[in-house]
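Throughout, read-outs are computed from the coordinates displayed, never taken from laboratory work. All figures in this text were calculated on a predicted structure; none of them were measured in a lab. In this analysis, Cβ positions are derived from the backbone assuming ideal geometry, glycine residues included, and neighbour counts consider all displayed protein chains.
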Amino acid sequence: MMKLLLLLAVLAGFFYVMGAKRSRPRDPEQRTPPPPAPPQAMLCCEECGMHLPANEALPGKGGVFCSAAHRASFEARQGSA
């Protein structure tokens with residue numbers, strides 16, 4: 001019985017050490033997280049008012065839009081007015 005407990009303790013210690021080695025990064029430079037992305041300008045859709053990042057906005061006549069459907073709807077209303 002004592003041999004079995006000793007064997008279990010040795011195996012538990014072995015797996016603990018192996019798990020600790022796997023969780024550590026090998027390269028010291030990997031320990032620092034990458035710098036966050038710079039903030040982007042937020043624009044407002046002229047049709048629905050939703051705010052979205054400038055790189056996702058669709059330009060159109062009269063402003064920027066969140067989708068092609070909103071751009072078409074806004075431009076159709078502006079053309080008929």
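Among the residues of region 29-60, those identified as exposed (fewer than 11 other Cβ atoms within 10 Å of the Cβ), assigned to a loop (DSSP other than H, G, I, E, B) and not hydroxyl-bearing (Ser, Thr, Tyr) are Pro33, Pro34, Pro35, Pro36, Ala37, Pro38, Pro39, Ala41, Gly49.
Among the residues of region 42-56, the ones that are within 18 Å of the chain's Cα centre (by Cα) and either among the β-branched types (Val, Ile, Thr) or under 18 Å from Arg77 (Cα atoms) (or both) come to 0 in all.
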